[in-house]
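The values are calculated or read from the model by the stated rules, or taken from the named source; none is laboratory data. Predicted model, so just to flag it, every value in this text is computed and none were measured. In this analysis, Cβ positions are derived from the backbone assuming ideal geometry, glycine residues included, and neighbour counts consider all displayed protein chains. Areas reflect the complete protein model, heavy atoms only, side chains present, ligands, DNA and RNA absent. Shrake-Rupley method; radii C 1.70, N 1.55, O 1.52, S 1.80 Å.
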Amino acid sequence: MRNEDRKLEHVIKRMQTDNSVDAPADLIKFARNAFLQRSTAKAPSMLERIVAVLKLDLAPNRAAFGERSAGGSAARQMLFDAGSSAIDLRVTANADAYDIRGQHIGDISAETVRLESAGTKFLSQNDELKGFEFTSVPAGNYSLTITFATSEIVIDEIVLD
Amino acid sequence: MSDNNDDKISLLDDAVGRDDAAIVARCRRGEHAAWDELVDRYQRLIYAIPRRAGLTDEQAADVFQEVFVTLVEKLDKIEQPERIRSWIVTTAKFKTWAVIRGRKGHYSPATDEELENELNSIPDAAPLSDDLLIELEEQHLIRTAVNELDERCREIVSMIYLQDTAASYAEVAAQIGVGETSISPLRSRCLKKLQKLIG
């Protein structure tokens, strides 16, 4: 068989055994938005950076503001003020790690949400309710950055211990 | 299972990314449209690597996201942008292996040497064999070439060769609006065009 024919046969065989699928739409959206990090990094002067301030830190199983009837949550709850918006974080301890669920309370949706410590980075995206989630996060000191098109909100220190 | 060793045919030898370098250059200039093109071109290949290694959908999603985040971070440092396909495959393989080994979080070796050491630590029996990666890479090349075909050829080749169940000539003929007897010569012509595009 001629080399060209063998090559064509090889191509056909490859096509017939190709069972790959497109990545889910939300992942493709994430990948496209990842480029925005580069855009904002290239133009730091155009990016407004807001440092969030801790306003409330409730230990697990404690009711907020002296509530009597409601049971306390099993999660540690933190509420941060970030100018015209706020960040609600719930941290739940598991056997050897933590799950963090949060919500950005504001007008616009975030492009990405990053949870970072030295050498470790977790990424999430806003869901429809501007919520985000990180699971199985090891103990440590982290910063949380919520990036929007022209601004970012930073929580400098979240201690998981 | 790859048949690459059986017939000694490889599509990768001369398949340097024809316009990958141009797309990367546009990305480096900050063109979001070029980045979208890069994402569209490589999303399927990047997603296929962790899935074929047996990772869960959630783990495959993590690998997928990490590869693109790393690509954004290192876009300006990739020395041979025309070989970005190899870079992507190596990075996806490395990150897949990191998940298999149980490493948590986003981790990127700081240097090429560190990356090489990490890759060398992957045992031969790991789920991502070289043959499998070659197969995935070749399938990516073929799909890219199919997408460059004219619309009619793209339809014919996709219906006959790229669907789970191959379409019959009658079905293809009905879809593109020609007589059934025209499909065989059209198919041959389209395959020749495809072969030319693959190089």
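Taking the stretch A:21-31, which residues are in a helix (DSSP H, G or I) and acidic (Asp, Glu)? Write out each step before concluding.
Applying the first criterion (in a helix (DSSP H, G or I)) to the stretch A:21-31 yields A:25-31.
Scanning the stretch A:21-31 gives a single hit, A:26.
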State whether one or more residues within the stretch A:32-41 are within 7 Å of chain B (Cβ to nearest Cβ), more than 17 Å from the chain's Cα centre (by Cα) and open to solvent by 80 Å² or more (accessible area, probe 1.4 Å). no
Pair list, Cβ < 6 Å and 6+ apart or interchain, from the stretch B:32-52 residues that are facing another protein chain (nearest Cβ under 7 Å) to residues that are open to solvent by 40 Å² or more (accessible area, probe 1.4 Å): B:36/A:32; B:39/A:32; B:44/A:22
Considering residues that are under 19 Å from residue B:52 (Cβ atoms) and either within 7 Å of chain B (Cβ to nearest Cβ) or assigned to a helix (DSSP H, G or I) (or both), the number found within the stretch A:11-20 is 6
I'd like to check something: does the stretch A:76-86 contain any residue that is of a type in the set (Ser, Thr, Tyr) and modelled with pLDDT under 75? no
Enumeration of residues in the stretch B:58-80 that are within 20 Å of residue B:141 (Cα to Cα) and open to solvent by less than 20 Å² (accessible area, probe 1.4 Å): B:64, B:67, B:68, B:71
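Yes or no, residue by residue, for (1) open to solvent by less than 30 Å² (accessible area, probe 1.4 Å); (2) more than 15 Å from residue A:80 (Cα to Cα); (3) more than 11 Å from the chain's Cα centre (by Cα):
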position	(1), (2), (3)
A:111	no, yes, no
A:129	no, yes, yes
A:141	no, yes, yes
A:156	no, no, yes
A:161	no, yes, yes
The listed residue being modelled with pLDDT of 90 or more and surrounded by 12 or more Cβ atoms within 10 Å (Cβ to Cβ), out of A:47, A:27: A:27
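If we scan the stretch B:163-172, do we find a residue that is more than 17 Å from residue A:16 (Cβ to Cβ) and more than 9 Å from chain A (Cβ to nearest Cβ)? First the steps, then the outcome.
Within the stretch B:163-172, the subset more than 17 Å from residue A:16 (Cβ to Cβ) is B:170.
Filter once more, so that each one left must be more than 9 Å from chain A (Cβ to nearest Cβ): B:170.
Yes, the stretch B:163-172 contains at least one residue that is more than 17 Å from residue A:16 (Cβ to Cβ) and more than 9 Å from chain A (Cβ to nearest Cβ).
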Hits in the stretch B:33-57 (condition: open to solvent by 60 Å² or more (accessible area, probe 1.4 Å) and assigned to a helix (DSSP H, G or I)): B:33, B:37, B:40, B:51, B:52, B:57
Checked the stretch B:172-199 for anything closer than 17 Å to residue A:15 by Cβ and open to solvent by 80 Å² or more (accessible area, probe 1.4 Å); matches are B:189, B:192, B:193, B:196
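Okay, residues lined up against (1) open to solvent by less than 20 Å² (accessible area, probe 1.4 Å); (2) at pLDDT 85 or above; (3) hydrophobic (A, V, I, L, M, F, W, C):
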site: B:92; (1), (2), (3): yes, yes, yes
site: B:95; (1), (2), (3): yes, yes, no
site: B:102; (1), (2), (3): no, no, no
site: B:110; (1), (2), (3): no, no, yes
site: B:118; (1), (2), (3): no, no, no
site: B:122; (1), (2), (3): no, no, yes
site: B:144; (1), (2), (3): no, yes, no
